[in-house]
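Peer 1: What follows is a single structure, and I will ask about it in a moment.
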Amino acid sequence: MSKESTRGGNGFLVAGILSALGASACCVGPLVLLTLGVGGAWIGSLTALEPYRPIFIGLTLLFLAGAFHRLYLARQVCTPGSNCANPRTLKRRRMVFWIVTILMLGLIAIPWLAPLFY
């Protein structure tokens, strides 16, 4: 596997994380501020990204699917002695993928879970 394809696999995860943050920004920001003790009526205006939430969720799922495809379905071509020829490397990448997936799905679910903490 070339260095470019390794970056491409990581790119899917990074893009997924950023889109998950965008999808949950409308509710995570006010929740964090309230947790820190910052309050006021102006916190209600922090939901400006909420209309774009479905787009961000779709992008998150798309990037997760791309990363899943690269890790599990795409055939990897590795030169002997390269980093990707090591089976532990693939195992680590898959483990990181599942950890990131769980965290991203948690971020997406925050708007539905946040009212339980208010």
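The values are calculated or read from the model by the stated rules, or taken from the named source; none is laboratory data. Everything numeric here is computed off the predicted structure, so don't read it as measured data. For neighbour counting, all protein chains shown are included, and Cβ atoms are generated from backbone atoms with ideal geometry for every residue, glycine included. When the accessible area is computed, the model is the full protein with side chains, heavy atoms only, and any ligands, DNA or RNA have been set aside. Shrake-Rupley method; radii C 1.70, N 1.55, O 1.52, S 1.80 Å.
Peer 1: Might you let me know whether segment 50-61 holds any residue that is in contact (Cβ under 8 Å) with a residue 60 or more places away in the chain and either farther than 19 Å from Pro30 by Cα or among the hydrophobic types (A, V, I, L, M, F, W, C) (or both)?
Peer 2: No: segment 50-61 contains no residue that is in contact (Cβ under 8 Å) with a residue 60 or more places away in the chain and either farther than 19 Å from Pro30 by Cα or among the hydrophobic types (A, V, I, L, M, F, W, C) (or both).
Peer 1: Also, I was wondering about something else. Give me a count of the residues in segment 45-77 that are part of a helix (DSSP H, G or I) and of a type in the set (S, T, N, Q).
Peer 2: Selection size over segment 45-77: 2.
Peer 1: Those residues that are closer than 17 Å to Ile17 by Cα and exposed (fewer than 13 other Cβ atoms within 10 Å of the Cβ), I need them from segment 48-64; list them, please.
Peer 2: Pro54, Gly58
Peer 1: Select from segment 14-34 the residues that are under 25 Å from Gly66 (Cα atoms) and without any contact (Cβ under 8 Å) to a residue 24 or more places away in the chain and write down the one among them that is surrounded by the fewest Cβ atoms within 10 Å (Cβ to Cβ).
Peer 2: Top of the filtered list is Val14.
Peer 1: Among the residues of segment 88-103, how many are farther than 15 Å from Ala65 by Cα, of a type outside the set (Val, Ile, Thr) and open to solvent by less than 100 Å² (accessible area, probe 1.4 Å)?
Peer 2: 1
Peer 1: Next question. Only residues in segment 66-81 that are farther than 16 Å from Leu13 by Cα count as the first member; pair them with residues that are part of a loop (DSSP other than H, G, I, E, B), Cβ under 8 angstrom, at least 6 apart or cross-chain, and list the lot.
Peer 2: From residues that are farther than 16 Å from Leu13 by Cα, the pairs are Gln76/Met1; Val77/Met1; Cys78/Met1.
Peer 1: OK, next. Taking Arg88, is it basic (Lys, Arg), touching a Leu at 6+ places or on another chain (Cβ under 6 Å), modelled with pLDDT of 85 or more and assigned to a helix (DSSP H, G or I)?
Peer 2: Answer is no for this residue.
Peer 1: Tell me which residues, restricted to segment 65-75, are open to solvent by 60 Å² or more (accessible area, probe 1.4 Å) and modelled with pLDDT of 85 or more.
Peer 2: The answer is Phe68, His69, Arg70, Tyr72, Leu73.
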